[in-house]
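Colleague: Okay, here's the structure, questions in a sec.
The values are calculated or read from the model by the stated rules, or taken from the named source; none is laboratory data. Keep in mind that this is a model prediction, so the values were computed, not measured. Ideal geometry is used to build each Cβ from the backbone, glycine not excepted, and the neighbour counts take in all protein chains shown.
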Amino acid sequence: MRIDLGALRELAGFSGAAVVDSETGLVLGRVAADGRNLEAAAAGSMDVVRAARGLVHSLESEDDVEDIVVTLGEQYHLARTVAKSPAIFLYLWLDRRSANLALARMTLKQVEEAITV
């Protein structure tokens, strides 16, 4: 599997991005702009992805979670499931003061769609 996180690094407000195993929280690949604890944040996002998938299951829906956005006072945290490999998701951490959330979501989707297996 080939995943290129480079386009995410170009986003305004970029703090970090990772490919995460949704079963274990293990970071499989990462890029970061600074010394933030990307591994802990990505692993914590695993719990959010699991909870969202649990909600979908309780609704008896055939859909899967596409993306999740968590907004904090100064940060955005996004998780996007990978349709080609449901056991992993993409995680993106942005500085809210300079990030464009709509552009970040579109770029994260493009990165997910460009994954080759």
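Colleague: Quick test of your reading of the structure: residue 44 fulfils all but one of (1) surrounded by 12 or more Cβ atoms within 10 Å (Cβ to Cβ); (2) touching a residue at least 24 places away in the same chain (Cβ under 8 Å). Name the failing condition by number.
Modeller: Result: residue 44 fails condition (2) only.
Colleague: Consider residue 56 against the criteria (1) touching an Asp or Glu at 6+ places or on another chain (Cβ under 9 Å); (2) in contact (Cβ under 8 Å) with a residue 12 or more places away in the chain: it satisfies all of them except one. Which criterion is unmet?
Modeller: Every listed condition holds for residue 56 apart from (2).
Colleague: Which numbered condition in (1) of a type in the set (Asp, Glu); (2) on the phi > 0 side of the Ramachandran plot; (3) modelled with pLDDT of 95 or more is the only one that residue 74 fails?
Modeller: The number of the failed condition is (2).
Colleague: Let me ask another. Identify the single condition in (1) surrounded by 18 or more Cβ atoms within 10 Å (Cβ to Cβ); (2) out of contact with any helix residue (DSSP H, G or I) (no Cβ under 8 Å at 6 or more places or on another chain); (3) outside any helix (DSSP H, G or I) that residue 49 does not satisfy, given that it satisfies every other one.
Modeller: Only one criterion in (1) surrounded by 18 or more Cβ atoms within 10 Å (Cβ to Cβ); (2) out of contact with any helix residue (DSSP H, G or I) (no Cβ under 8 Å at 6 or more places or on another chain); (3) outside any helix (DSSP H, G or I) is unmet by residue 49, namely (3).
Colleague: Right, something else. In the stretch 89-117, how many are buried (at least 21 other Cβ atoms within 10 Å of the Cβ), out of contact with any His (no Cβ under 7 Å at 6 or more places or on another chain) and not in a helix (DSSP H, G or I)?
Modeller: 5
Colleague: Being of a type in the set (Lys, Arg) and out of contact with any Phe, Trp or Tyr (no Cβ under 7 Å at 6 or more places or on another chain) is the requirement here; does residue 53 meet it?
Modeller: Taking the combined requirement at face value, the residue satisfies it.
Colleague: Residues in the stretch 58-83 that are surrounded by 12 or more Cβ atoms within 10 Å (Cβ to Cβ), farther than 17 Å from residue 11 by Cβ and of a type outside the set (Val, Ile, Thr): how many?
Modeller: Looking only at that region, the number is 2.
Colleague: Tell me, which residue of the stretch 1-40 that is part of a helix (DSSP H, G or I) and in contact with a strand residue (DSSP E or B) (Cβ under 6 Å, 6 or more places away or on another chain) is farthest from residue 96 (Cα to Cα)?
Modeller: 39
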